[in-house]
Structure formats: structure tokens, C-alpha cells
Amino acid sequence: MKENLMNHFIFKQFFLLWIVLFNAFFISSAVRAEDFYAVKRAQMIKAIEADVRTGYGNLAKKELDENVIKALNTVPRHEFVPKKLQQSAYDNRPLPIGHGQTISQPYIVAIMTNLLGVGKNDRILEIGTGSGYQIAVLAELVNKAYSIEIIEPLGKEAKARLQRLGYDNISLKIGDGYYGWEEHAPFDAIIVTAAASHIPPPLIQQLRPGGRMLIPVGSRFMVQELLLVEKTEEGKISTQQLLPVAFVPLTGKH
Ligand code: SAM
């Protein structure tokens, strides 16, 4: 009886020790992984800044705003790509996210965010949620962000991911972004992350006077031109060609 109690006591102690060691191992590997990605993120930002300094296209700014760098440094891009590609998440290139779609190249996300020039009181709209990465970067800078995705499974995945990461200032919808999101208009800024054949009139209409829109316009599966569309306080529209880009097409029945 005494021996049984002793054995039970030893077993319990051993079991507790095993749990402590097991947890310590997993916590330290999680910390190591976060450190690894923080280093990768810093390297990604260095690569983007070098590209921005070299500059191409008709870009006036040769450096990123401090708040854009901070946002890029905050959003965990590795959480937005498929598990098997996490190690490559911070390479300066687009990556596949399933359903024939891609998460945009970090450089493109950075310059589009910079060009949009958003502020902390702004309400913005993105067309083409994809993984949710671009809207997460923008959500770091604005008051309220909306995004529309046409492929239902991608939209659902992005919604779950953004909720898990705690982005409570983002609202997502599944639908054809060509028509915008009338209910929440006007928007201070609109960003379209799929290539359109023309600027959708509903998006121009939903842009606030004084607001700006970035949209790649051109042929499907070819190089397009990134346009900056501005609406004056009087409602006049001007467009400016900024640089050649390559986006997947804006689909839908419009
Ligand atoms: N911004 C995304 C990110 O950060 O991962 C990348 C966008 S990906 C290059 C383009 C996305 O636009 C795809 O997910 C595609 O399904 C979506 N898309 C294409 N046409 C659309 C439409 N009419 N309305 C809404 N989304 C659309």
C-alpha cells in the first residue's frame, strides 16, 4: 500500500515535470519563430526601401512615410500565406494564395499604401481582399477599412484570419467590387488590387470630394498602368499614370 502511494507520488511528479518541459519547449519555439519572422520583416522593409529609392515610373516620393514603414513592420505577412510558403512570406515577390489568386508583392503593397496617403480619421475601401494583407496594412493607418472579395472561400478565409489577428476596424463582404459598397460611401480613399479594363463609374461616384483612388487599368494578363484618380472638392476628376504593374484581372459580370 505504502509502495503504491510512493509510486503514485513519483509518477505524478514526473508527469508534472514532463508537462512543464513540454510547454517550455513549445513556448520557446514559438518565440524563436516570431524572432525569425521579425528579422525577415526587417529585411523585407530594407529591400522595399532600396527599390523605392531606385524608383521607377512616375513616382514623386523616393521614400516611404514613417507610418507606412511602421505598418509594414507590424502586420505579420507570414500569417497571410499558405503554411507551406510561410518561410518565403517576406521575399519581395507575389505568392500564390489558392484559387488562381496571389498576395501582392510587398513593394507594390508599400508604394500603393504610400501613394494612397491615408490618415487616422479616414474611411477606405479596397476591391480585391485576397489574403487580407493589403487591407490589414491599411487598417493600421485608418479609422475604418472596408474590403470586397468576389471569390467566396478566399473572402471567408480572410475574414477568419483578420478576426483571429484582432483587426476589429475591418469589414469584409463577398461580392463584385465593381459596384463598390454604397452603404458605407463616401470613401476618403479607394484601392483596387485587381486589373480593370476601365475605371468603374460606381467607384468614382463613391469617392469623397477631395479623395483619391489607385487602380490598375489595362488588358487582362498583360502589363497594366497604375492610375491615380483624384476627385477635387468641386467633384472634378483627374487621372495620372504612375507606373506599369501586373495584377490578376478584375472579374465579375459587370
Ligand atoms: N489585396 C490582396 C492581398 O493583399 O492579398 C491581393 C489581391 S489579388 C492580386 C486580387 C484579388 O481580387 C483576388 O483575390 C480576386 O479574387 C479579387 N477580385 C477579382 N475581381 C474582383 C471583383 N470584381 N470584386 C472583388 N474582388 C475581385
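Could you tell me whether region 50-65 includes any residue that is within 16 Å of the ligand (Cβ to nearest atom) and of a type in the set (Val, Ile, Thr)?
Scanning region 50-65, I find no residue that is within 16 Å of the ligand (Cβ to nearest atom) and of a type in the set (Val, Ile, Thr), so the answer is no.
Which of the residues spanning region 240-254 are away from the ligand (no atom under 16 Å from the Cβ) and either of a type in the set (Asp, Glu) or loosely packed, with under 14 Cβ neighbours inside 10 Å (or both)?
Those that are away from the ligand (no atom under 16 Å from the Cβ) and either of a type in the set (Asp, Glu) or loosely packed, with under 14 Cβ neighbours inside 10 Å (or both): GLN240, GLN241.
Can you tell me which residues in region 54-93 are charged (D, E, K, R) and either outside any loop (DSSP other than H, G, I, E, B) or touching a Leu at 6+ places or on another chain (Cβ under 6 Å) (or both)?
GLU66, LYS70, ARG77, GLU79, LYS83, LYS84
Filter region 150-190 down to the residues that are of a type in the set (Gly, Ala, Ser), closer than 18 Å to PRO200 by Cβ and outside any loop (DSSP other than H, G, I, E, B), then identify the one that is farthest from the ligand (Cβ to nearest atom).
Step one: filter region 150-190 for residues of a type in the set (Gly, Ala, Ser), giving 155, 158, 160, 166, 171, 175, 177, 180, 185, 189.
Cutting the leftovers down to closer than 18 Å to PRO200 by Cβ gives us 175, 177, 180, 185, 189.
So of that shortlist, the ones also outside any loop (DSSP other than H, G, I, E, B) come out as 177, 189.
Details: GLY177: 3, ALA189: 14 Å.
Among them, the one singled out is ALA189.
So, in region 101-142, how many residues would count as being assigned to a strand (DSSP E or B), within 6 Å of the ligand (Cβ to nearest atom) and crowded, with 24+ Cβ neighbours inside 10 Å?
Start the filter on region 101-142 by keeping residues that are assigned to a strand (DSSP E or B), which leaves 101-103, 123-127.
If we keep only those that are within 6 Å of the ligand (Cβ to nearest atom) too, we end up with 101-103, 127.
Now restrict to residues that are crowded, with 24+ Cβ neighbours inside 10 Å: 127.
Adding up the residues that qualify gives 1.
Report, by residue number, each residue of region 228-254 that is hydrophobic (A, V, I, L, M, F, W, C) and out of contact with any Gly (no Cβ under 6 Å at 6 or more places or on another chain). Before you say what the answer is, go through the steps one by one.
Taking region 228-254 first, the residues hydrophobic (A, V, I, L, M, F, W, C) are 228-229, 237, 242-243, 245-248, 250.
Within region 228-254, LEU228, VAL229, ILE237, VAL245, ALA246, PHE247, VAL248, LEU250 meet the criteria.
Inspect region 193-200 for any residue being at pLDDT 95 or above, part of a strand (DSSP E or B) and out of contact with any Gly (no Cβ under 7 Å at 6 or more places or on another chain) and give the result as yes or no. Outline the logic, then answer.
Taking region 193-200 first, the residues at pLDDT 95 or above are 193-200.
After this cut, where a residue has to be part of a strand (DSSP E or B) as well, the list is 195-196.
From what's left, out of contact with any Gly (no Cβ under 7 Å at 6 or more places or on another chain): 196.
Within region 193-200, one or more residues are at pLDDT 95 or above, part of a strand (DSSP E or B) and out of contact with any Gly (no Cβ under 7 Å at 6 or more places or on another chain).
Answer yes or no: is there a residue in region 164-184 that is more than 15 Å from ARG123 (Cβ to Cβ), surrounded by fewer than 17 Cβ atoms within 10 Å (Cβ to Cβ), modelled with pLDDT of 95 or more and basic (Lys, Arg).
yes
Can you tell me which residue among ALA195, ALA158, ALA145, ALA139 is in contact with a Phe, Trp or Tyr (Cβ under 7 Å, 6 or more places away or on another chain) and without any contact (Cβ under 8 Å) to a residue 40 or more places away in the chain?
The conditions single out ALA139.
Take the residues of region 197-214 that are closer than 19 Å to LYS61 by Cβ and within 16 Å of the ligand (Cβ to nearest atom): which is surrounded by the most Cβ atoms within 10 Å (Cβ to Cβ)?
Only one residue tops the list, namely MET213.
Can you run down the residue pairs with Cβ atoms below 7 Å, 6 or more apart or on separate chains, where the first is in region 61-88 and closer than 15 Å to VAL118 by Cβ and the partner is at pLDDT below 95 and of a type in the set (Val, Ile, Thr)?
LEU64/VAL52
The values are calculated or read from the model by the stated rules, or taken from the named source; none is laboratory data. Computed from a prediction, not measured in an experiment: that's the story for all the values here. Using ideal geometry, Cβ is built from the backbone for each residue, glycine included, and neighbour counts are taken over all protein chains shown.
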